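The values are calculated or read from the model by the stated rules, or taken from the named source; none is laboratory data. None of the values given here were measured: they were computed from a predicted structure. Neighbour counts are summed over all protein chains in view; Cβ atoms, including those assigned to glycine, are modelled from backbone coordinates with ideal geometry.
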Amino acid sequence: MSETPLPQLPPRDPESHKGDYGRALLIGGSRGMSGAIALAGMATLRSGAGLVTLGVPEACLVTVAAFEPSYMTLPLPCDAAGRLRHDAAQELTEPLEVATAVACGPGWGRSTALAQLAQGLFTKIAQPTVFDADALNGLVAAGATLSHHAGPRILTPHPGEFARLVGEDLEADARSERAVQLARDAGLIVVLKGHRTLITDGTEVFHNTTGNAGMATGGCGDVLTGVITGLLCQGLTPLEAARLGVYLHGRAGDLAAEQLGEVSLIASDLLAYLPAAFRDQRA
C-alpha cells in the first residue's frame, strides 16, 4: 500500500476465548436486501471477531439468520416496507453498551426514518463505527455535520456516495484531495473505494495495491465493511483496521480471480478466500 508496513494482528493466545476478540454489532438489512448485512456479518466472522450480532428489521430476521449459524441476530422495529424505523435506536441501547465495534448501513435502503437513525447513531455511538452504503446516504439526507461524533468513525464511500457527502462530483485527483480534507476537518477515517482505494485520516494517506475489476459487483463493499469491523474488534486502531482491511479484502479478491476469473467473481467468493488472504499476510 505504501512503504509503511501493513499493520499486523497480534498472535492469538492459546488460552484465549471468544470474549478476547471483541463483540461486533452490525446494523442493517431490509426486505429484499438481506444479503448485504449477511455478507457483512460473515466477513466480520472471517476476519476474527469473537462474537457477531446483526441488528436487522424483524421482517427479514429469519432470512438473515438462515445465511450463517455462527452469528447472532437481533430483531428491530421496521416499517411496512421492511426497513428499520427510527425507534430501532431504543432497542440498540443495551447491545451498543457491550459492543467493541459497530457497523451501520449494509442493505438499509432509504427513508426519512433511516436518515434520522443514521444521524443519531453517528452522533451518539462511542465505539469505533464503520458507516457504509445507505447509512452514508442517510447522513447526507439528514444534513448531518460529520465532525459531530462521539467516537471514532470510518466512512467507506464509493465515488457516487462521496460526491453526495461533499456536495459535488469531482475528478479523480480532486476527489482524493477532498477526501483528505474531509478526514482532516471532520476528524475521521475516509476509505474512498475504487481502483487503488485511498485510505486517510487527514494526515497520513495510503493507496491500496490489491484488488481487481472483478470486484465491481454487488456486495463486495459489504464484505469490506465486515472485514474492517472484525479488525476493529481485535484492537487495531481505526486507521490500522482500515488499511489492513482494504488490503486483505483486495487480496481475497485477487485470489478468487486467479481461480475463477474476474467476470464470474461474486461477493461471496471473497468470503471463501479471506482465510487464505489472512494466512498469506501473516506468512
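Points to keep in mind about this one:
- Hits in region 223-260 - residues which are touching a Pro at 6+ places or on another chain (Cβ under 7 Å) and charged (D, E, K, R): Glu240, Arg243
- Near pairs, Cβ below 9 angstrom, 6+ apart or cross-chain, from region 141-162 (in contact (Cβ under 8 Å) with a residue 60 or more places away in the chain) to any residue that is basic (Lys, Arg) and buried (at least 21 other Cβ atoms within 10 Å of the Cβ): Thr156/Lys193; His158/Lys193
- Residues of region 165-175 classified as at negative phi, surrounded by fewer than 16 Cβ atoms within 10 Å (Cβ to Cβ) and either in contact (Cβ under 8 Å) with a residue 40 or more places away in the chain or not hydrophobic (A, V, I, L, M, F, W, C) (or both), total: 4
Listed here are the residues, each with its yes/no results for (1) under 22 Å from Leu232 (Cβ atoms); (2) crowded, with 18+ Cβ neighbours inside 10 Å.
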{"position": "Gly50", "(1), (2)": "yes, yes"}
{"position": "Gly55", "(1), (2)": "yes, yes"}
{"position": "Leu74", "(1), (2)": "yes, yes"}
{"position": "Gly82", "(1), (2)": "no, yes"}
{"position": "Gln90", "(1), (2)": "no, no"}
{"position": "Glu97", "(1), (2)": "yes, no"}
{"position": "Val102", "(1), (2)": "yes, yes"}
{"position": "Pro106", "(1), (2)": "yes, yes"}
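- Which numbered condition Gln127 misses (of (1) closer than 22 Å to Asp222 by Cα; (2) touching a Gly at 6+ places or on another chain (Cβ under 7 Å); (3) assigned to a helix (DSSP H, G or I)): (3)
- Arg178 meets all of the listed conditions (1) without any contact (Cβ under 8 Å) to a residue 24 or more places away in the chain; (2) touching a strand residue (DSSP E or B) at 6+ places or on another chain (Cβ under 7 Å); (3) surrounded by 18 or more Cβ atoms within 10 Å (Cβ to Cβ) but one, namely (2).
- The residue pairs whose first member lies in region 223-235 and is closer than 11 Å to Ala103 by Cα and among the polar types (S, T, N, Q), whose second member is at pLDDT 95 or above and part of a helix (DSSP H, G or I), and whose beta carbons are closer than 7 Å, counting only pairs six or more residues apart or on different chains, are Thr225/Ala40; Thr229/Thr44.
For (1) closer than 30 Å to Ala257 by Cα; (2) assigned to a helix (DSSP H, G or I), each residue gets a yes or a no:
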| position | (1), (2) |
| --- | --- |
| His148 | no, no |
| Leu165 | no, yes |
| Asp173 | yes, yes |
| Ala179 | yes, yes |
| Asp185 | no, yes |
| Thr203 | no, no |
| Thr209 | yes, no |
| Gly214 | yes, yes |
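- Test: residue in region 93-102 that is closer than 12 Å to Thr229 by Cβ and in contact with a Cys (Cβ under 7 Å, 6 or more places away or on another chain): yes
- Checklist (1) more than 29 Å from Asp280 (Cα to Cα); (2) without any contact (Cβ under 8 Å) to a residue 24 or more places away in the chain applied to Glu15, failing item: (1)
- Filtering Asp222, Asp254 for residues that are out of contact with any Phe, Trp or Tyr (no Cβ under 8 Å at 6 or more places or on another chain), of a type in the set (Asp, Glu) and closer than 18 Å to Leu54 by Cβ leaves a single hit, Asp222.
- Criterion (more than 23 Å from Leu54 (Cα to Cα), of a type in the set (Val, Ile, Thr), surrounded by 23 or more Cβ atoms within 10 Å (Cβ to Cβ) and in contact with a helix residue (DSSP H, G or I) (Cβ under 9 Å, 6 or more places away or on another chain)) met by exactly one of Val227, Val190: Val190
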